[in-house]
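S.K.: Following this message is one structure expressed as structure tokens.
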Amino acid sequence: MAEEVILLDDFWSSMFGMRCRIALAEKGVKYEYKEEDLRKKSDLLLQMNPIHKKIPVLVHNGRPVCESLVILQYIDETWPGKCSLLPSDPYQRAQARFWADYVDKKFSDLGRKICTAKGEEQEVAKKELIDSLKLLEGELGDKPFFGGEMLGFVDLAIVPFYTYFLAYETCGNFSIEVECPNFIAWTKRCLEIESVSKSLADPQKVYGFVLHLKKVNGIE
Amino acid sequence: MGEELKLFGSWGSPFSRRIEIALKIKGVEYEYLEEDIFHNKSALLLKYNPVHKKVPVLVHNSKPIAESQVILEYIDETWNDNPILPRDPYKRAMARFWAKFIDEKCVPTIWKSFMSGGPEREKAHEEACELLSTLEGELKGKKFFGGETVGFVDIVASFISHWVGPVQEAAGVDVLTEDKFPMLYKWAEEFKNCPVIKENLPPRDKILAFFKARLEMLTSSYKNRV
């Protein structure tokens with residue numbers, strides 16, 4: 001039976017979709033990409049993700065998988081031969097899952113605050129982001145990637161947030177590279193990998209999108 | 001070398017209880033260390049979970065693992081008897097999806113429906129009922145979320161079977177009732193009656209007393225604000 005893989009996504013603004021695109025590229029999986037207009041969600045999206053009505057959704061032979069980290073693990077388990085995302089040792093796997101979960105808990109919220117809040121609230125969010133990035137730098141240590149010699153689960157979980165850094169830095173008037181040079185060095189290493197560079201949105205476009213969202217929501 | 005397994009937990013924490021359920025299902029021996037999470041977290045807990053400083057933390061041969069769903073998967077991958085997650089990748093993805101749904105949506109909304117006041121409480125209550133209805137739909141006539149046997153989603157959902165009862169009694173609010181959610185209610189009863197689960201239920205009276213006190217404190221502070 002021919003395999004059918006579809007990714008419902010929103011190309012240049014969803015960090016979560018970017019994770020899936022990198023994973024599919026790393027695994028060499030051929031798939032059909034369907035761009036969603038989040039202001040006018042398709043019937044297919046609503047049918048495949050009736051609970052959250054969000055992208056990304058991976059549809060494999062007609063069966064949907066939702067939630068980006070769930071999708072990443074599904075991709076890793078379904079196409080196991082090439083480029084393992086998770087290590088084979090249970091303890092290392094637990095550490096990878098822990099850090100991916102940490103990123104999900106921290107970054108989206110902090111990012112939003114940095115872009116939209118002012119004064120004290122914004123300063124607190126900036127500090128928290130830097131502290132989080134420093135914690136991740138510690139976890140990375142001397143390794144080229146969080147996954148070791150190659151890209152892994154945690155690398156894929158984090159690197160798409162890099163596309164928002166220009167927006168964070170401009171809105172927050174600070175430099176992430178100055179505070180966390182090792183983290184930025186890691187992102188540069190990731191960007192040298194084709195599956196990453198082809199899957200990540202252009203930070204300028206993302207910044208433009210953030211400004212647009214702020215305007216639409218009446219935020220200065 | 002003998003295996004050394006420690007669980008740092010708290011009697012009142014649904015997240016901590018999940019790990020005990022999983023370890024009992026696997027028939028694995030462990031040392032339990034009770035943490036005073038409100039007033040006096042131990043130096044060991046802070047050492048083993050410096051990022052979140054929370055329970056549960058499982059320490060296996062001196063290596064710590066934190067975050068309950070991460071710990072559950074670790075347990076399942078380390079001890080292979082009585083699997084908690086299915087083998088099939090699609091079924092595993094579904095289990096992970098529903099576990100996430102419970103933790104990211106159901107748990108915070110249900111807590112809010114008990115712990116907040118006024119219009120905020122009403123809104124949360126309505127949302128909680130919608131979420132429980134969605135969750136009930138996932139049961140699809142099965143005995144457990146895991147099918148014939150208890151699985152990952154059942155263990156994560158133990159918050160609903162074990163905590164919602166006493167807390168809704170303390171709050172005087174009906175969230176999970178037999179007539180509103182007959183299948184979920186039935187699931188909760190089946191789940192609590194499983195031999196491994198029955199022997200390991202959290203102390204209902206203690207939970208009831210704790211939340212009654214907590215709610216009295218919150219209600220009086222809310223009344224003072226209004």
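The values are calculated or read from the model by the stated rules, or taken from the named source; none is laboratory data. Note that the structure is a prediction, hence the values are computed from the model and not measured. Please note: Cβ atoms are built from the backbone with ideal geometry, for glycine as well, and neighbour counts cover all protein chains shown.
S.K.: Identify the single condition in (1) surrounded by 21 or more Cβ atoms within 10 Å (Cβ to Cβ); (2) within 14 Å of another protein chain (Cβ to nearest Cβ) that A:P80 does not satisfy, given that it satisfies every other one.
M.R.: It fails just one condition, (1).
S.K.: When the residues of the range A:11-46 are filtered to those that are among the acidic types (D, E) and surrounded by fewer than 20 Cβ atoms within 10 Å (Cβ to Cβ), which remaining residue is modelled with the lowest pLDDT?
M.R.: For the range A:11-46, the residue satisfying everything is A:D37.
S.K.: What is the number of the single condition among (1) in contact (Cβ under 8 Å) with a residue 24 or more places away in the chain; (2) outside the structural domain of A:L133 (by TED's automatic domain parsing); (3) within 24 Å of B:E73 (Cα to Cα); (4) under 19 Å from the mean Cα position of the chain (by Cα) that A:V70 does not meet?
M.R.: Of the numbered conditions (1) in contact (Cβ under 8 Å) with a residue 24 or more places away in the chain; (2) outside the structural domain of A:L133 (by TED's automatic domain parsing); (3) within 24 Å of B:E73 (Cα to Cα); (4) under 19 Å from the mean Cα position of the chain (by Cα), the odd one out for A:V70 is (1).
S.K.: For the subset of the range A:46-64 comprising residues that are within 23 Å of B:E130 (Cβ to Cβ) and assigned to a strand (DSSP E or B), which member is farthest from the other protein chains (Cβ to nearest Cβ)?
M.R.: Within the range A:46-64, the subset within 23 Å of B:E130 (Cβ to Cβ) is A:46-55, A:57, A:64.
Cutting the leftovers down to assigned to a strand (DSSP E or B) gives us A:57, A:64.
On the way: A:V57: 11, A:P64: 9 Å.
For the range A:46-64, the residue satisfying everything is A:V57.
S.K.: Right, here's the next one. Restricting attention to the range A:178-188, does a residue exist that is assigned to a helix (DSSP H, G or I), closer than 22 Å to A:I22 by Cα and touching a strand residue (DSSP E or B) at 6+ places or on another chain (Cβ under 9 Å)?
M.R.: Yes; the residues of the range A:178-188 include at least one that is assigned to a helix (DSSP H, G or I), closer than 22 Å to A:I22 by Cα and touching a strand residue (DSSP E or B) at 6+ places or on another chain (Cβ under 9 Å).
S.K.: Please specify each residue of the range A:86-95 satisfying the condition of being at the interface with chain B (Cβ under 9 Å from one of its Cβ atoms) and not charged (D, E, K, R).
M.R.: Within the range A:86-95, A:P90, A:Y91, A:A94, A:Q95 qualify.
S.K.: Which of the following residues is surrounded by fewer than 20 Cβ atoms within 10 Å (Cβ to Cβ) and at pLDDT below 90: B:G146, B:G137, B:G118? Break it down into steps so the answer makes sense when it comes.
M.R.: Numbers: B:G146 fails: at pLDDT below 90; B:G137 fails: at pLDDT below 90.
Residue meeting the stated conditions: B:G118.
S.K.: Can we say B:D103 is of a type in the set (D, E, K, R), touching a residue at least 40 places away in the same chain (Cβ under 8 Å) and under 23 Å from B:F211 (Cβ atoms)? Working first, answer last.
M.R.: On the way: of a type in the set (D, E, K, R): yes; touching a residue at least 40 places away in the same chain (Cβ under 8 Å): yes; under 23 Å from B:F211 (Cβ atoms): yes.
In short, yes.
Yes/no per residue for (1) over 20 Å from the mean Cα position of the chain (by Cα); (2) at pLDDT below 95; (3) not basic (K, R):
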site: A:C180; (1), (2), (3): no, no, yes
site: A:I184; (1), (2), (3): no, no, yes
site: A:R189; (1), (2), (3): no, no, no
site: A:I193; (1), (2), (3): no, no, yes
site: A:P203; (1), (2), (3): no, yes, yes
site: A:G208; (1), (2), (3): no, yes, yes
site: A:K215; (1), (2), (3): yes, yes, no
site: A:I219; (1), (2), (3): yes, yes, yes
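S.K.: Also, I was wondering about something else. For the subset of the range B:148-181 comprising residues that are outside any loop (DSSP other than H, G, I, E, B) and either without any contact (Cβ under 8 Å) to a residue 12 or more places away in the chain or of a type in the set (D, E) (or both), which member is nearest to B:P56 (Cα to Cα)?
M.R.: To start, the set of residues in the range B:148-181 that are outside any loop (DSSP other than H, G, I, E, B) comprises B:152-156, B:158-171.
Okay, now just the ones that are also either without any contact (Cβ under 8 Å) to a residue 12 or more places away in the chain or of a type in the set (D, E) (or both), so B:154, B:169.
Numbers: B:D154: 18, B:E169: 26 Å.
By that ranking, first place goes to B:D154.
S.K.: Could you please give the count of residues in the range A:135-163 that are of a type outside the set (S, T, N, Q) and either assigned to a helix (DSSP H, G or I) or in the same structural domain as A:M18 (by TED's automatic domain parsing) (or both)?
M.R.: Here is the first cut: in the range A:135-163, the residues of a type outside the set (S, T, N, Q) are A:135-162.
Subsequent filtering for residues that are either assigned to a helix (DSSP H, G or I) or in the same structural domain as A:M18 (by TED's automatic domain parsing) (or both) retains A:135-140, A:153-162.
Counting residues in the range A:135-163 that are of a type outside the set (S, T, N, Q) and either assigned to a helix (DSSP H, G or I) or in the same structural domain as A:M18 (by TED's automatic domain parsing) (or both) gives 16.
S.K.: Could you say whether any residue in the range B:41-63 is more than 20 Å from A:Y91 (Cα to Cα) and not polar (S, T, N, Q)?
M.R.: Of the range B:41-63, the ones more than 20 Å from A:Y91 (Cα to Cα) are B:41-43.
Then drop every residue that is not not polar (S, T, N, Q), which leaves B:41, B:43.
For the range B:41-63, residues more than 20 Å from A:Y91 (Cα to Cα) and not polar (S, T, N, Q): present.
S.K.: If you don't mind, another one. I'd like to verify a number: residues in the range A:110-134 that are assigned to a helix (DSSP H, G or I) and either free of Cβ contacts under 8 Å to residues at least 12 places away in the same chain or among the β-branched types (V, I, T) (or both), how many?
M.R.: So the answer is 11.
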